[in-house]
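So the structure is just underneath, and the comments pick up after that.
Where a number appears in this text, it was derived from the coordinates with a stated rule and is not lab data. Worth saying up front: this structure is predicted, and the values here are computed from it rather than measured. Using ideal geometry, Cβ is built from the backbone for each residue, glycine included, and neighbour counts are taken over all protein chains shown.
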Amino acid sequence: MKTNSLGLASFHADVPRTAEDRATTFRPVTGGDQMQSGERLLVEAYAAIWIVLFALILLGWRRQKRIDARVAGLEVALAKARAEVLPTKKAEAS
Amino acid sequence: MFYGLLAVTAVCTLWTIHAIFLEAPTEATMGIVQKIFYFHVPIAYSMYLGATACFVGSAGYLYNGKQGWDSLARAGAEVAVVMGLLVMITGPLWAAKAWGVYWTWDPRLTTQMLSVLLYVAYLVLRLFTGDGDAERRFAAALGVLGAANLPIIHFSVQKWGGTHPAVITGKGGGLTDPAMVSTLMFGFLSFTLFSIVLLWSRFRIDLSSSRLADLEQQALELGIGED
């Protein structure tokens, strides 16, 4: 280890100075290709399924209720309108 | 009866989730990600159920032109699209681990995507081209022709090879543990019930929408306002 004039070890003495000193070799290793967590992928797949299916059921249920309410309202209005129109037509005919 | 079926479906689904995570053993090579299999395959089968309903409804409508057949076809196409998209979400997530890529132009994957696009086209057609008899008949023809791709998806693995595995074949599956088999069976049961619930729900909505359109027409003829 290099020392300075005070006899202290130099912190930067072993730091590579040139590009060649920093040359790094990448070596493959067996079993080192686990880029994705299986647990995370499983949870993502599960979440996608249940979010889509339950959203579909919920939206369908709300749409059905809205349509049913509108149908019921229209049926009442039509019955009332026919009840008003029929006596008028009978009166006109007689 | 609909809510009873919904309750049975919920119970079966909860049991399937229990079986997948607590009963079925972890697969030796792929690890825990293989558990996607227990709902990926039943969802693919559910897509076939939806597409078959679309085919039957379309053929029925072309035969006698009744509203019920058209509603069944539309409900079937919606189920086929939803289940098909779920297959195409869960499959790539599994492939990311098993194959190292999310997507590859494998025959099974490509024909599956083609089928989903066909049913998306059916729904787009129904959504944007009005509700007349000619439009319904055109859509029904698409619903009948779209079903032709289903056997191609199924047999693509055997006929053209590719990367996609064929675990369930006529010569027995690759599930070596009884818990794996029972979990898959529960998956099939749950998603069959889910498909029926969805089909029923969409069928009812379509019939009600049709009834609403009739009433609105009558209201217009009688001069009744929006109230």
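Taking each residue of A:40-52 in turn, how many C-beta atoms of other protein chains fall within 10 Å of its C-beta, and what is the average?
6
Can you compute the charge dipole magnitude of segment B:1-118 about its Cα centre, using +1 on each Lys and Arg Cβ and -1 on each Asp and Glu Cβ, nothing else charged? Give it in debye, rounded to the nearest 20.
Using only the charged Cβ atoms, the result is roughly 100 debye.
Find the relative contact order for chain B and round it to a whole percent, using C-alpha pairs within less than 8 Å whose residues are 6+ positions apart.
Across chain B, relative contact order equals 30 percent.
For a footprinting-style exposure proxy, rank B:Leu72, B:Leu123 by other Cβ within 10 Å, fewest first.
B:Leu123, B:Leu72
If you fit an axis through the alpha-carbon atoms of helix B:37-64 and take the longest principal axis of the Cα set of chain B, what angle between them do you get, 0 to 90°, nearest 10?
30
Take the Cβ-Cβ distance between A:Trp50 and B:Trp105 as r, set R0 to 22 Å, and report the resulting FRET efficiency rounded to the nearest 0.05.
0.15
Using the alpha-carbon atoms, what tilt in degrees (0 to 90, nearest 10) does helix B:149-160 show relative to the longest principal axis of chain B?
Long axis of B:149-160 versus the principal axis of chain B: about 20 degrees.
Just grab the label-to-label distance for A:Lys80 and B:Thr129, each label 7 Å out from Cα along the Cβ direction, in nm (one decimal).
4.0
Would you kindly compute the Cα radius of gyration of segment B:127-225 and its largest Cα-Cα separation (Dmax), both in Å?
Spelled out, the Cα radius of gyration and Dmax of segment B:127-225 are 22.0, 69 Å.
What's the average, rounded to a whole number, of partner chain beta-carbon atoms within 10 Å of each residue's beta-carbon in B:94-107?
If you average over the peptide's residues, the count of other-chain Cβ atoms is 2.
Return the inverse of the average 1/r over all pairs of distinct C-alpha atoms in the protein assembly as shown, which is the Kirkwood hydrodynamic radius, in Å to one decimal.
This gives a value of 23.8 Å.
So how compact is segment B:41-116: Cα radius of gyration and Dmax in angstrom?
15.0, 50
Between B:Trp160 and B:Thr192, how many nm apart are label points set 7 Å from Cα along the C-beta direction?
Computed distance between label sites B:Trp160 and B:Thr192 equals 3.0 nm.
So what's the angle, to the nearest 10 degrees on a 0 to 90 scale, between helix B:107-128 and the longest Cα principal axis of chain B?
Approximately 20 degrees, to the nearest 10.
For the protein assembly as shown, give the magnitude of the charge dipole about the Cα centre (Cβ charges: +1 Lys/Arg, -1 Asp/Glu; no others), in debye to the nearest 20.
Approximately 140 debye in magnitude.
When Cβ neighbours within 10 Å are restricted to other protein chains, what is their mean count per residue of peptide B:30-36?
Rounded to a whole number, the mean comes out at 5.
Only residues of segment B:192-206 count here: report those whose backbone N is under 18 Å from the spot 7 Å along Cα→Cβ of B:Tyr3, or say none.
Hits in segment B:192-206 for B:Tyr3 at 18 Å: B:197-198, B:200-202, B:204-205.
Would you mind checking segment B:92-111 for residues with the amide N under 20 Å from a putative spin-label position 7 Å along Cα→C-beta of B:Thr26?
Answer for segment B:92-111: B:93-100.
Along the charge dipole of segment A:55-94, which of A:Thr88, A:Gly73, A:Ala55 sits closest to the positive end, that is, farthest toward it, with unit charges on the beta carbon of Lys, Arg, Asp and Glu (+1, +1, -1, -1)?
Positive-end residue among those listed: A:Ala55.
Using the count of nearby Cβ atoms within 10 Å as a rough guide to exposure, how do B:Met180, B:Met185 rank from fewest to most?
By the 10 Å Cβ count, ascending, the order reads B:Met185, B:Met180.
Please work out the FRET efficiency for the pair B:Val181 and B:Asp214, using the Cβ-Cβ distance as r and a Förster radius of 51 Å; give the result to the nearest 0.05.
0.55
Treating only the Cβ of Lys, Arg, Asp and Glu as charged (+1, +1, -1, -1), what charge dipole size does segment A:55-94 show about its Cα centre? Round to the nearest 20 debye.
That gives segment A:55-94 a dipole magnitude of about 200 debye.
Only helical DSSP H runs with n ≥ 4 go in: add -39500 (n - 2.57) per run for the protein assembly as shown, normalise by residue count and round the 222 nm mean residue ellipticity to 500 deg cm²/dmol.
That comes out to -25500 deg cm²/dmol.
Over the alpha-carbon set of segment A:55-94, divide Rg by the Kirkwood Rh and report the Rg/Rh ratio to two decimals.
Ratio value, two decimals: 1.41.
In a Debye calculation with equal point scatterers on the alpha-carbon sites of chain B and no solvent, what is log10 I(q)/I(0) at q = 0.07, 0.11, 0.18 Å⁻¹?
Computed log10 I(q)/I(0) values: -0.28, -0.63, -1.31.
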